[in-house]
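The values are calculated or read from the model by the stated rules, or taken from the named source; none is laboratory data. A quick note: this is a predicted structure, and the numbers were derived from the prediction, not measured. We place every Cβ from the backbone using ideal geometry, glycine too, and count neighbours over all the protein chains shown. We work out accessible area using only protein heavy atoms, side chains counted, and drop any ligands, DNA or RNA first. Shrake-Rupley method; radii C 1.70, N 1.55, O 1.52, S 1.80 Å.
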Amino acid sequence: MIAIGIVGLPNVGKSTLFNAITKTQNALAANYPFATIEPNVGTVAVPDERIQKLVDLINPKSVVNATVEFVDIAGLVKGASKGEGLGNQFLSNIRNTQAICQVVRCFENNDIIHVEGSIDPIRDIEIINYELIFSDLETVERNLTKNQKMLRGGNKDIKFLVDTLIKCKEHLEKGKLLKSLDLDEDELELIKQYQFLTIKQMMYALNVSEDDLADPDKNKYVKIVKEYAKENMSEAVVFSAKVESELIEIEDEELRKEFIESLGIKEPSLNRLISKGYELLGLITFFTAGEKEVRAWTIKQGTNAQNAAGEIHTDIQRGFIRAEVVDFDKFIEYSGWNGAKTNAAMRLEGKEYIVKDGDVMFFRFNV
């Protein structure tokens, strides 16, 4: 399961965001540090209007959306890499995620304390980034020492590893995240074993007040963080934890719609946040569609048809013969498989075909 870690300083709206994303109240949202001690995990459906179109067309017995896992991790404070706050517990929890979503406070409210005493989103981001950098430096130095001792044997693989670790160390010592370091495929594969924190994809969730949702760029903090995110090859998504926590309390769909429109927005901010997390990880969706089930399947961009088949079942991957493929729009336009075949919109693709986002697929196989 793909997992995104939600992190942030205490009292920035992190656990409230998690509650809203997962439509649960599993994470205790409280006005004091470390309200979350054990990581809360929630699996959420990726918003995708294409699923509903397939359901309306086919009327299947069951429907399964693509999903992403969000992990709510305890609030971080300065010095976590040295054991402050929850220290290493925080860092080990985040190590097991594939991407990081930093929740950043971009609103003023005297009733909600800030652990640093003032609102400064860039300072908050850099506190977290430096703790991640310090943790990675410790990992690099530990493994560098161990491998340098083994260099005497003249092993080329060990030398390549040592050179790569030195490259990482020098970059981290400049206060830079490893995701901005130019590493080739061999180097990336080599250091994967260390689960470095700063090499993970990063996105920023900017928590604003209800009044700023309709036009967030008027908020001076939002503008600053968006510029920072762009400079650091990251994504920034605006949301209001307060609004989203109110939305999950409204069960009536029409009332929800009215509430959203009254705020001057078209959809819940969390839909964009979840979708951006999905995109951030380089994921795409293909569909299988039949009377028994309509289902969205998650794969990495660039996955071929045979490996995509393996997401459904290893037997299909092993016995792969061919894939029947229809572009999503054509599938809807021609009312399903029969119409697509009649109008020559269905293609037969081999195992090396690179699956595209939105492909509707049926796999032929023999085991």
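General observations
This table checks each residue for (1) charged (D, E, K, R); (2) touching a Gly at 6+ places or on another chain (Cβ under 6 Å).
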site: 265; (1), (2): no, no
site: 273; (1), (2): no, no
site: 282; (1), (2): no, no
site: 289; (1), (2): no, no
site: 312; (1), (2): no, no
site: 317; (1), (2): no, yes
site: 326; (1), (2): no, no
site: 333; (1), (2): yes, no
site: 336; (1), (2): no, no
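- Checklist (1) at pLDDT 75 or above; (2) open to solvent by less than 50 Å² (accessible area, probe 1.4 Å) applied to residue 41, failing item: (2)
- Residue that is least open to solvent (accessible area, probe 1.4 Å) [pool: residues in the range 317-345 that are of a type in the set (A, V, I, L, M) and more than 32 Å from the chain's Cα centre (by Cα)]: 340
- Yes/no for residue 348 being within 16 Å of residue 361 (Cβ to Cβ), open to solvent by 70 Å² or more (accessible area, probe 1.4 Å) and free of Cβ contacts under 8 Å to residues at least 60 places away in the same chain: yes
- Hits in the range 351-362 (condition: of a type in the set (A, V, I, L, M, F, W, C) and open to solvent by 20 Å² or more (accessible area, probe 1.4 Å)): 354, 362
Quick grid of which residues meet (1) assigned by the TED database to the domain that holds residue 100; (2) of a type in the set (Gly, Ala, Ser); (3) under 30 Å from residue 103 (Cβ atoms); (4) part of a strand (DSSP E or B):
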position: 307; (1), (2), (3), (4): no, no, no, no
position: 317; (1), (2), (3), (4): no, no, no, no
position: 324; (1), (2), (3), (4): no, no, no, yes
position: 330; (1), (2), (3), (4): no, no, no, no
position: 338; (1), (2), (3), (4): no, no, no, no
position: 358; (1), (2), (3), (4): no, yes, no, no
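Residue-wise test of (1) in contact with a strand residue (DSSP E or B) (Cβ under 7 Å, 6 or more places away or on another chain); (2) modelled with pLDDT under 95; (3) farther than 23 Å from residue 121 by Cα.
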{"site": "248", "(1), (2), (3)": "no, yes, yes"}
{"site": "254", "(1), (2), (3)": "no, yes, yes"}
{"site": "282", "(1), (2), (3)": "yes, yes, yes"}
{"site": "294", "(1), (2), (3)": "yes, no, yes"}
{"site": "308", "(1), (2), (3)": "yes, no, yes"}
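- Selection from the range 136-165 of residues that are hydrophobic (A, V, I, L, M, F, W, C) and either open to solvent by less than 60 Å² (accessible area, probe 1.4 Å) or modelled with pLDDT under 90 (or both): 137, 140, 144, 150, 151, 158, 161, 162, 165
- Scanning the range 265-291 for residues that are open to solvent by 50 Å² or more (accessible area, probe 1.4 Å) and in a loop (DSSP other than H, G, I, E, B) returns 266, 267, 291.
- Just so you know, in the range 203-218 the residues that are at pLDDT 90 or above and in contact with a strand residue (DSSP E or B) (Cβ under 8 Å, 6 or more places away or on another chain) include one that is farthest from residue 7 (Cα to Cα), and it is 208.
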